[in-house]
Every structure is written in structure tokens, then in C-alpha cells.
1. Any idea how many residues of segment 57-84 are part of a helix (DSSP H, G or I) and surrounded by 10 or more Cβ atoms within 10 Å (Cβ to Cβ)?
2. Which residue out of Arg120, Arg104, Arg73 is without any contact (Cβ under 8 Å) to a residue 24 or more places away in the chain, among the charged types (D, E, K, R) and either touching a strand residue (DSSP E or B) at 6+ places or on another chain (Cβ under 8 Å) or over 16 Å from Ala12 (Cα atoms) (or both)?
3. Just checking, how many residues over segment 36-54 are farther than 24 Å from Arg104 by Cβ and surrounded by 16 or more Cβ atoms within 10 Å (Cβ to Cβ)?
4. Would you say Ile26 is touching a Lys or Arg at 6+ places or on another chain (Cβ under 7 Å) and either in contact (Cβ under 8 Å) with a residue 24 or more places away in the chain or crowded, with 18+ Cβ neighbours inside 10 Å (or both)?
5. Among the residues of segment 1-23, count how many are part of a loop (DSSP other than H, G, I, E, B), in contact (Cβ under 8 Å) with a residue 12 or more places away in the chain and among the hydrophobic types (A, V, I, L, M, F, W, C).
6. Kindly indicate which of Arg72, Arg97, Arg104 is modelled with pLDDT under 95 and of a type outside the set (Val, Ile, Thr).
7. Quick one: which residue in Leu36, Leu43 is in contact with a Lys or Arg (Cβ under 9 Å, 6 or more places away or on another chain) and either in contact (Cβ under 8 Å) with a residue 24 or more places away in the chain or not in a strand (DSSP E or B) (or both)?
8. Tell me, yes or no, whether segment 96-112 has at least one residue that is basic (Lys, Arg), part of a strand (DSSP E or B) and within 27 Å of Glu124 (Cα to Cα).
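The values are calculated or read from the model by the stated rules, or taken from the named source; none is laboratory data. What you see is a predicted model; the values in this text were computed from it and never measured. Neighbour counts run over all protein chains shown; Cβ positions are idealised from the backbone, glycine included.
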Amino acid sequence: MFRGSSYHTIDAKGRIIIPARFRDLIRGEAGDGVILSRLDGALVAYPLEAWHGIEARILALAEKSDTMRRFRRVFIGGAFSCECDRQERILVPPSLREYARLERDIVLAGVLDHFEIWSRENWERENQSMENDMQQESVRNEIARLGL
């Protein structure tokens, strides 16, 4: 499982070094790369096998609403396969860098079955937003159901 977060930089060409603890998980999933897509102002990175499961679930959905068609179009249509190079980096396509506002300082955050790539500014904003949400009783109760 992908856990923890770490601060990194993205170079001028859009390359990111994948931390060893994430690379080991990616290779364990029968591949040497990830599929990147966009969600919530950040990028989501799934190992190839996990991505195939997501595609299967999306295809199996009986729901064919306008919202789901639009989601498929943006999420699947905007996805890119990114293989690790010899220096253990992935190249983030320009359109995804622009979407997530990845310029220099970034954060890689493990989220169990995948990891996310955030601009440091957006990551700090997301963390502050969660701290603010934690002041609401309904949010605290929802988290308490996890036994935490």
C-alpha cells in the first residue's frame, strides 16, 4: 500500500523521481510505470494492474448519466501511461502539469491503492481545508466511525 507523503521537485522537462518505497510497489504490480490522470486539482497515479481494475469498474457501471459520461471523458480520456526511466523518473505530460499547477515544488502523497501528485501550494491548501473541516461535528463523527 502507498503510504506517507514526501516533498520533491519537478524538473523543467516535467520529470519526477519516484521514491523507492513507491517504486517497489509499482514493480510489485507487474509493471514499471503508472497511469496518471487528474482529480481534485491534483494528479492520481495508479500502478498498471490497479488501473485496469478502475477501468473495469467504470465500464461495468450501469449508470450512463451525463455526469458519468463527462467523468469518463475527462478522467479516462485525460489519462497517460508513464513508464519509469533509467533514473527512476516519470515524465508528467504538459496538460497534466498545467492542470495540477506543477511548477517546481511538489508533494507525493500515498493514498493506499495509489499515490497523488500535488503542487506544494495546493497540498498545503488541501491540508488546511481538512483541518478546517475537522471543526465540524459531522466530519468528526464520520472519521470516528473508522475507530480513530
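1. 9
2. Unique residue meeting the criteria: Arg73.
3. Selection size over segment 36-54: 6.
4. Criteria not met by Ile26.
5. Residues flagged as part of a loop (DSSP other than H, G, I, E, B), in contact (Cβ under 8 Å) with a residue 12 or more places away in the chain and among the hydrophobic types (A, V, I, L, M, F, W, C) within segment 1-23 amount to 3.
6. When all the criteria are applied, what remains is Arg72.
7. Leu43
8. No; the residues of segment 96-112 include none that is basic (Lys, Arg), part of a strand (DSSP E or B) and within 27 Å of Glu124 (Cα to Cα).
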